[in-house]
């Protein structure tokens, strides 16, 4: 079942890309006691994700954080090394925390997996964004297939 407003973020361990390297990060550490915007993409270095989705959140990070957001996180079903390279390539710095969901554990737990087999990508995440306060989902924006209309940084900024 797809995660809904009012649901608690599931307990999963992800890999977080930080300035000092890659580390384990539990969802309790990421979301507990914080206001977090998390957006997910089908893949690092893919066209819309690299040209629009991640850059939009990097560009609007200051305005989003000014609305009381502690962390902006980007999640993808990629390994931590790909996410680290993508963070450096896009200049994410400390504006956006990149999270690797390499085995799609989080993606499956929130019910937002995508079968990308026809593109040679296997199981991936749907494109979406969530606003989460102290581990509880307050806003859900899931894109229709092949669309980029509701999970953009501008949309989330407006929802805050």
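Every number here is computed from the coordinates shown, using simple stated rules; none is lab data. Given the structure is predicted, the values throughout are model-derived calculations rather than measurements. Glycine gets a Cβ as well: all are built from the backbone with ideal geometry, and neighbour counts include every protein chain shown.
For the range 63-108, the average shadow cast by the Cα convex hull is 3.6 nm², which is a quarter of the hull's surface.
Counting neighbouring beta carbons within 10 Å and listing from fewest to most, the residues 138, 62 come out as 62, 138. Note: the chain, Cα convex hull, 98 Å³ per residue. Along its three principal directions, the equivalent ellipsoid of the range 1-64 from the Cα gyration tensor extends over semi-axes of 21, 17, 14 Å, largest first.
With both labels modelled 7 Å from their Cα along Cα-to-Cβ, the residue 23 to residue 81 distance reads 2.2 nm.
Between residue 115 and residue 94, the simple label model (points 7 Å from Cα in the Cβ direction) yields a spacing of 4.4 nm.
Highest average first, the peptides 16-24, 91-99 ordered by how many other beta carbon atoms sit within 10 Å of their residues are 91-99, 16-24. Here is how the number arises for the chain: DSSP H runs of 4 or more residues each give -39500 (n - 2.57), the sum is divided by the residue count, and the result at 222 nm is -6000 deg cm²/dmol.
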